[in-house]
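Please read through the structure below; I'll follow up with questions.
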Amino acid sequence: MPEIIKTKFNTRFYEKISEKLNNDQLIILPTETVYGLAGNGLSLKAIKSIYQIKNRPIKKKLILHCSSIAMVQKYFELDQDNLKVAQKYWPGPLTLILRKKSKSIPDILTQKHYCAVRIPSNKFLLKIIKTINKPLVMPSANKFKQLSPVTAKMAYRNFETSDLTIIDDGKSTIGIESTMFKIINKKIEVIRYGLIDVFEIMGMLNNFELKKVNNEYFPGTSNKHYSPVKELYINQKKIRKKSAFIGFGNMKKSEFKNLSSKKNLKEAASRLYYYFYLADNNDSFETISVAPIPNKGIGIAINDRLERASKK
């Protein structure tokens, strides 16, 4: 069974984890978005292990996590437009699709020479990447298409039969996966919505066209994804019988949980996956229902997750 270890901010602890990663072992590590299943991003053996334990199709690429813009530039091409965006939003919940320039990045991670790359803001994780001094691949610590974990306990439940080490750094502060897009040919190709609003990016880059693409090779683009175990109903205004009702805004008497009574979309996003997890593990309910969420700002990202999660 997995072992959960509380975060320790000391040199020896970082060295022990880095040693495991350098030996091609996998570790579940915290990020500000969700918990990730981490491996050495330059090791084909570690990368293949991640695909195997997650039951993830090889065609679905993994995100490479770096500790600095200098590290990104060592392995990937960062042109003027991407650099401008990176300097504003990194470290943070933003993934850029960049052309690789280093042969040390395994081809299995590329789609037509492009890779998914980000710099996370979790301080513990940043220190680990700095210590190992190479990028980490780190998809969400779940089985393919299932619910992403935002706590160490959720990650534990996803891999109960494994011997993985899980580093517990508390609940992920953002709670949903990063915004992901590709800047190319005066276009911003949006692959996945997240906390960072792509319309803010439009304001930074003059005369760029915004385009939503369904690039099936990158994370978060499967038709069905982010799914709880129980059947999910979305855009519900009334409480269904034996359904865990997750509200938004005005609270209902018999609701199970409320994403944000103040209608704060950022707060709602941070609670979404955790409330799914609680409902899944509550025997009083047979299904899960979610109230309508405004489709603006981070609400676009929340609705994207809900729509994919509710697919049959």
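The values are calculated or read from the model by the stated rules, or taken from the named source; none is laboratory data. The shown structure was predicted, so the numbers you read here are calculated from the model rather than taken from an experiment. FYI the Cβ positions are ideal-geometry reconstructions off the backbone, even for glycines, and counts take in every protein chain you see.
For region 240-290, how many residues meet the condition of being touching a residue at least 60 places away in the same chain (Cβ under 8 Å), touching a strand residue (DSSP E or B) at 6+ places or on another chain (Cβ under 8 Å) and farther than 20 Å from Leu195 by Cα?
Counting residues in region 240-290 that are touching a residue at least 60 places away in the same chain (Cβ under 8 Å), touching a strand residue (DSSP E or B) at 6+ places or on another chain (Cβ under 8 Å) and farther than 20 Å from Leu195 by Cα gives 2.
Sticking with this one: Among all residue pairs at least 6 apart or on different chains, which show Cβ distances below 9 Å where the first residue, located in region 78-94, is without any contact (Cβ under 8 Å) to a residue 60 or more places away in the chain and the second is part of a loop (DSSP other than H, G, I, E, B) and among the aliphatic types (A, V, I, L, M)?
As it stands, the answer is Ala86/Leu78; Ala86/Ile119; Trp90/Ile119; Pro91/Ile119, since those pairs meet every condition given.
Still on this structure, I have one more. Would you mind stating whether Ser289 is surrounded by 20 or more Cβ atoms within 10 Å (Cβ to Cβ), small (Gly, Ala, Ser) and over 24 Å from Thr33 (Cβ atoms)?
yes
Does Asn235 fit the bill of being on the phi > 0 side of the Ramachandran plot and either touching a strand residue (DSSP E or B) at 6+ places or on another chain (Cβ under 6 Å) or outside the structural domain of Leu94 (by TED's automatic domain parsing) (or both)?
For Asn235, the condition - on the phi > 0 side of the Ramachandran plot and either touching a strand residue (DSSP E or B) at 6+ places or on another chain (Cβ under 6 Å) or outside the structural domain of Leu94 (by TED's automatic domain parsing) (or both) - is met.
Out of the residues in region 292-302 that are under 18 Å from Glu177 (Cα atoms) and touching a residue at least 40 places away in the same chain (Cβ under 8 Å), state the one that is surrounded by the most Cβ atoms within 10 Å (Cβ to Cβ).
If we take residues in region 292-302 being under 18 Å from Glu177 (Cα atoms) and touching a residue at least 40 places away in the same chain (Cβ under 8 Å), then Ala301 is surrounded by the most Cβ atoms within 10 Å (Cβ to Cβ).
Restricting region 4-44 to residues that are among the charged types (D, E, K, R) and within 14 Å of Lys134 (Cβ to Cβ), which is surrounded by the most Cβ atoms within 10 Å (Cβ to Cβ)?
Looking at residues that are among the charged types (D, E, K, R) and within 14 Å of Lys134 (Cβ to Cβ), I get Lys20.
Oh, and also: Check Lys54, Lys59, Lys84, Lys48 and return the single one that is in contact with a Phe, Trp or Tyr (Cβ under 8 Å, 6 or more places away or on another chain) and at pLDDT 95 or above. Before you say what the answer is, go through the steps one by one.
Details: Lys59 fails: at pLDDT 95 or above; Lys84 fails: in contact with a Phe, Trp or Tyr (Cβ under 8 Å, 6 or more places away or on another chain); Lys48 fails: in contact with a Phe, Trp or Tyr (Cβ under 8 Å, 6 or more places away or on another chain).
Unique residue meeting the criteria: Lys54.
If you go through region 231-239 one residue at a time, do you hit one that is closer than 30 Å to Lys59 by Cα, surrounded by 19 or more Cβ atoms within 10 Å (Cβ to Cβ) and in contact (Cβ under 8 Å) with a residue 40 or more places away in the chain? Full working, then the answer.
Initial filter on region 231-239 (closer than 30 Å to Lys59 by Cα): 231-234.
In the following step, the residues that additionally are surrounded by 19 or more Cβ atoms within 10 Å (Cβ to Cβ) were identified as 232.
Those still in the list that are in contact (Cβ under 8 Å) with a residue 40 or more places away in the chain too: 232.
Yes, region 231-239 has at least one match.
Somewhere in region 156-172, is a residue closer than 12 Å to Ile28 by Cβ, part of a loop (DSSP other than H, G, I, E, B) and among the β-branched types (Val, Ile, Thr)?
No, region 156-172 contains no residue that is closer than 12 Å to Ile28 by Cβ, part of a loop (DSSP other than H, G, I, E, B) and among the β-branched types (Val, Ile, Thr).
Between a first residue in region 108-123 that is without any contact (Cβ under 8 Å) to a residue 60 or more places away in the chain and a second residue that is in a loop (DSSP other than H, G, I, E, B), which pairs have beta carbons less than 6 Å apart while being 6 or more apart in sequence or on different chains?
Ile119/Cys66; Ile119/Trp90; Ile119/Pro91
Please work out if Ala268 is in contact with a helix residue (DSSP H, G or I) (Cβ under 7 Å, 6 or more places away or on another chain) and in a strand (DSSP E or B).
No, not satisfied.
Looking at region 127-147 only, could you name the residues that are in contact with an Asp or Glu (Cβ under 8 Å, 6 or more places away or on another chain) and modelled with pLDDT of 95 or more? Walk me through how you get there before you give the answer.
The initial filter retains those residues of region 127-147 that are in contact with an Asp or Glu (Cβ under 8 Å, 6 or more places away or on another chain), namely 131, 140, 147.
Listed by number, the residues that qualify are Thr131, Ser140.
Among residues belonging to region 246-279 that are under 14 Å from Gln236 (Cβ atoms) and among the basic types (Lys, Arg), point out the one that is surrounded by the most Cβ atoms within 10 Å (Cβ to Cβ).
Lys257
Looking at the structure I just gave you, is Leu278 more than 17 Å from Glu177 (Cα to Cα), under 22 Å from the mean Cα position of the chain (by Cα) and not assigned by TED's automatic domain parsing to the domain that holds Leu96? Step through it out loud before you land on a result.
Numbers: more than 17 Å from Glu177 (Cα to Cα): yes; under 22 Å from the mean Cα position of the chain (by Cα): yes; not assigned by TED's automatic domain parsing to the domain that holds Leu96: yes.
Spelling it out, Leu278 is indeed more than 17 Å from Glu177 (Cα to Cα), under 22 Å from the mean Cα position of the chain (by Cα) and not assigned by TED's automatic domain parsing to the domain that holds Leu96.
Can you tell me which residues in region 1-18 are in contact (Cβ under 8 Å) with a residue 40 or more places away in the chain and not in a helix (DSSP H, G or I)? Please lay out each step first, then the result.
Restricting attention to region 1-18, the residues satisfying the condition of being in contact (Cβ under 8 Å) with a residue 40 or more places away in the chain are 1-7, 9, 14-15, 17-18.
Scanning region 1-18 gives Met1, Pro2, Glu3, Ile4, Ile5, Lys6, Thr7, Phe9.
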